[in-house]
2 protein chains.
Amino acid sequence: MPKRTRQKEAILRVLKSTTSHPTADWIYSDVRKEIPNISLGTVYRNLKLLWQSGEISEMDFSGTFSRFDGNPDNHYHFRCERCGRVFDVDEPVNKETDDRVAQKTGFKIFYHRLEFRGLCRECQESREVRTK
Amino acid sequence: MPKRTRQKEAILRVLKSTTSHPTADWIYSDVRKEIPNISLGTVYRNLKLLWQSGEISEMDFSGTFSRFDGNPDNHYHFRCERCGRVFDVDEPVNKETDDRVAQKTGFKIFYHRLEFRGLCRECQESREVRTK
DNA sequence: CATTTATTAGTAATAGTTATCGTTACTTGT
DNA sequence: ACAAGTAACGATAACTATTACTAATAAATG
């Protein structure tokens with residue numbers, strides 16, 4: 001059973017108080033204002049714990065390494081959360097949404113990335129807790 | 001002016017001959033069957049060159065570090081390709097597409113990630129070549 | 001064929017993240 | 001309230017993906 005600690009609460013509070021999608025390092029230096037001797041490892045550990053319990057979400061999916069695609073045209077992907085494999089999804093790219101969002105926000109939008117997440121056919125039998 | 005080298009051609013050939021979205025390391029070991037003493041740095045350098053010339057695309061966007069989001073509910077993001085900042089996008093999440101793709105593919109789909117890419121308002125003035 | 005210069009192999013360095021480990025402090029049961 | 005059990009801590013080392021550096025090599029050009 002997880003424990004509620006000062007460090008975890010501070011990290012969660014920092015994360016809930018901003019919309020800037022901070023990096024682990026940014027969170028680290030912000031929390032240090034309150035807990036000056038907190039360790040960077042503690043920040044990473046708690047971010048993972050908070051993510052596992054569903055209290056936060058992580059972007060820049062799938063961690064450490066890049067994957068490359070011989071097809072340079074914009075298309076969509078499916079990623080299996082269990083085995084990590086990536087598949088192409090044959091679904092037409094919807095450009096109208098780009099225009100509508102650009103209109104609403106004032107951003108100039110070149111394209112978008114869409115990735116579906118779930119379990120591939122092979123992995124659907126034996127579901128497990130998500131680990132990373 | 002870029003040169004066509006045996007290494008670059010081999011890397012491109014490997015990448016065009018698979019749909020498995022390989023990692024740099026996987027590409028490295030596959031190309032080594034043909035050029036045993038190729039360097040891993042060469043693979044990375046050429047992947048970047050091929051990406052810059054638009055011949056391939058890269059996934060797992062934006063490189064090295066993760067960003068975290070205090071809001072665990074599924075929502076969309078916009079990422080500025082110049083300054084790297086990430087903004088929330090207030091757009092309803094479309095669950096029907098998940099169902100349609102699941103039907104077509106046999107995957108079990110939990111959710112999807114959608115990220116728009118372009119230039120934020122501040123960066124729209126001085127556009128530049130994309131560097132990474 | 002000689003010159004120019006991008007690219008190479010090899011290796012060292014960097015950066016983000018994770019693992020380890022002895023110590024601390026939250027939680028639970030008595 | 002106190003003791004026991006154990007999750008979490010801080011500090012640091014290790015790991016992994018990627019990039020930078022350098023002298024040597026090999027495409028391209030005229």
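For the peptide A:16-27, the mean number of other protein chain Cβ atoms found within 10 angstrom of a residue's Cβ is 4. Distance from the alpha carbon centroid of the range A:45-112 to that of the range B:22-41 works out to 27 angstrom. Sort chain B into rounded, prolate or oblate with this rule: let a ≥ b ≥ c be the square roots of the eigenvalues of the Cα gyration tensor; rounded if a/c is under 1.5, and if a/c is not under 1.5, prolate when a/b is larger than b/c, oblate otherwise. The shape class here is oblate. Charging the Cβ of each Asp and Glu at -1 and of each Lys and Arg at +1, and nothing else, the dipole of the protein assembly as shown about its Cα centre rounds to 820 debye. Rounded to the nearest 10 degrees, the inclination of helix B:40-52 to the longest alpha-carbon principal axis of chain B is 60 degrees. Nearest-to-axis residue in chain B, judged by Cβ distance to the rotation axis that brings B onto A and given in whole Å, is B:114, 3.
In whole percent, and with a 1.4 Å probe on the protein chains, what portion of the accessible area of the range A:6-52 is carbon and sulfur?
Details: 1300 of 2610 Å².
In the range A:6-52, the share of accessible area belonging to carbon and sulfur is 50 percent.
Chain B contacts chain A over a buried accessible area of about 6200 Å², both sides summed; the probe is 1.4 Å and only protein chains count.
Close amide H partners of residue B:110, meaning residues 5 or more places away or on another chain with modelled amide H under 5 Å apart, are A:117, A:118, A:119. Accessible area per residue for the protein assembly as shown, computed on protein heavy atoms with a 1.4 Å probe, is 58 Å². Shown for residue B:17: label points 7 Å from Cα along the beta-carbon vector, and their distances to the equivalent points in the other copies, 5.6 nm in ascending order. Using only Cα coordinates, the Kirkwood hydrodynamic radius of the range B:6-52 works out to 10.4 Å.
Only the Cβ atoms of Lys and Arg (+1) and of Asp and Glu (-1) were treated as charged; on that basis the dipole of the range A:6-52 about its Cα centre amounts to roughly 140 debye.
Pairs of Cα atoms nearer than 8 Å and 6+ residues apart set the relative contact order; for the range A:76-118 it is 51 percent.
3J(HN,Hα) along the range B:93-102, derived from phi through the Karplus expression 6.51 cos²θ - 1.76 cosθ + 1.60 where θ = phi - 60°, amounts to 6, 8, 7, 5, 4, 3, 5, 5, 5, 4 Hz, with x in place of Gly and Pro. Using C-alpha pairs under 8 Å with a sequence gap of at least 6, the mean separation divided by the residue count of the range B:31-127 gives a relative contact order of 24 percent. Close amide H partners of residue A:91, meaning residues 5 or more places away or on another chain with modelled amide H under 5 Å apart, are A:76. Remark: mean inter-chain Cβ contacts per residue of A:84-96 equal 3, using a 10 Å Cβ-Cβ cutoff to other protein chain atoms.
Each of B:80, B:29, A:52 was scored by the projection of its Cα onto the charge dipole of the protein assembly as shown, and the greatest displacement toward the positive side belongs to B:29; charges sit on the C-beta of Lys, Arg, Asp and Glu.
Label point of residue B:44 (7 Å along Cα→beta-carbon): distances to the other copies' equivalent points are 1.8 nm, sorted ascending.
Could you sort out which of A:8/A:33; A:48/B:48; A:3/A:48 sit more than 19 Å apart by Cα distance in this structure? Intermediate values should be presented prior to the final figure.
Values: A:8/A:33 14 Å; A:48/B:48 31 Å; A:3/A:48 14 Å.
Exceeds cut-off: A:48/B:48.
Across the range B:6-13, rounded Karplus estimates of 3J(HN,Hα) from the backbone phi angles (6.51 cos²θ - 1.76 cosθ + 1.60, θ = phi - 60°) give 4, 5, 4, 5, 5, 4, 5, 4 Hz, Gly and Pro being marked x. Placing a label point 7 Å from Cα along the Cα-to-Cβ direction at residue A:102 gives distances to the equivalent points in the other copies of 3.3 nm, listed shortest first.
Under unit Cβ charges (Lys, Arg +1; Asp, Glu -1), what dipole magnitude, rounded to 20 debye, does chain B have relative to its Cα centre?
Working: 24 positive and 20 negative charges, 173 e Å.
The calculated dipole for chain B is roughly 840 debye.
Cross-link partners for residue A:95 among the lysines, with Cα-Cα distance under 25 Å and sequence neighbours closer than 8 places in the same chain left out: A:104, A:108, B:95, B:104, B:132.
The values are calculated or read from the model by the stated rules, or taken from the named source; none is laboratory data. Quick caveat: nothing in here was measured; it's all calculated off a predicted structure. Reconstructed Cβ throughout: ideal geometry from the backbone, glycine too, with neighbour counts over all protein chains shown. Just so you know, the surface numbers come from the protein's heavy atoms only, side chains and all, with ligands and any DNA or RNA stripped out. Shrake-Rupley method; radii C 1.70, N 1.55, O 1.52, S 1.80 Å.
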